[in-house]
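The values are calculated or read from the model by the stated rules, or taken from the named source; none is laboratory data. Everything numeric here is computed off the predicted structure, so don't read it as measured data. Every residue, glycine among them, receives a Cβ derived from its backbone with ideal geometry; neighbour counts consider all protein chains shown.
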Amino acid sequence: MIVRPALPAEDAVLAAHYLALWASYATPPEAILADAEARIHSFIAEARRSKSLGVFLAEVDGTVAGSAACQVYNSPYPEVTMPAYRRPGYIWSVWVEPDYRRRGIVRALVERAVAHLKDRGSPWRF
């Protein structure tokens, strides 16, 4: 297995995995917005521009088996502390295809996401 950064050309895989995650929560299809895939692509593109996004794919024998996304937290309110004091990151999507589960793929993806967040100054801890 290898875990590598996802390329912009692979955003459709990330979008499909994110929607599969919502389906796994038993979200009824009618609750998903008609333009959900476009919204995901737009969110990913904007987060890439801000340079805080990390998106990763896990491959097993050349097949994409899973994905993860993470980014440094973008506060919805005015920050009043120094960035070194509070620069949290979060992992917002981890998905592994059912046929590839229970092989350590989630762990590898999460470890890569945590490393990405730490590289960008987030004091992530397990």
Among the residues of segment 24-39, how many are among the aliphatic types (A, V, I, L, M) and surrounded by 11 or more Cβ atoms within 10 Å (Cβ to Cβ)?
3
Restricting to segment 15-40, give me the number of residues that are of a type outside the set (Ser, Thr, Tyr) and closer than 25 Å to Arg87 by Cα.
1
Restricting attention to segment 84-99, does a residue exist that is over 19 Å from Pro123 (Cα atoms), surrounded by 13 or more Cβ atoms within 10 Å (Cβ to Cβ) and in contact with a Pro (Cβ under 7 Å, 6 or more places away or on another chain)?
no
With His41, His17 as the choices, which residue is farther than 20 Å from Leu117 by Cα and in contact with a strand residue (DSSP E or B) (Cβ under 6 Å, 6 or more places away or on another chain)?
His17
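Listed here are the residues, each with its yes/no results for (1) aromatic (Phe, Trp, Tyr); (2) part of a strand (DSSP E or B); (3) at pLDDT 85 or above.
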position	(1), (2), (3)
Glu59	no, yes, yes
Val64	no, yes, yes
Cys70	no, yes, yes
Pro76	no, no, no
Tyr85	yes, no, no
Trp92	yes, yes, yes
Asp99	no, no, yes
Selection from segment 5-57 of residues β-branched (Val, Ile, Thr) and outside any loop (DSSP other than H, G, I, E, B) yields Val13, Ile40, Ile44, Val55
Of the residues Ala45, Ala58, which is under 18 Å from Trp95 (Cβ atoms) and hydrophobic (A, V, I, L, M, F, W, C)?
Ala58
Check whether at least one residue in segment 104-111 is part of a helix (DSSP H, G or I) and under 11 Å from the mean Cα position of the chain (by Cα), and report yes or no.
yes
Residue match in segment 36-55 (condition: touching a residue at least 40 places away in the same chain (Cβ under 8 Å) and small (Gly, Ala, Ser)):
yes
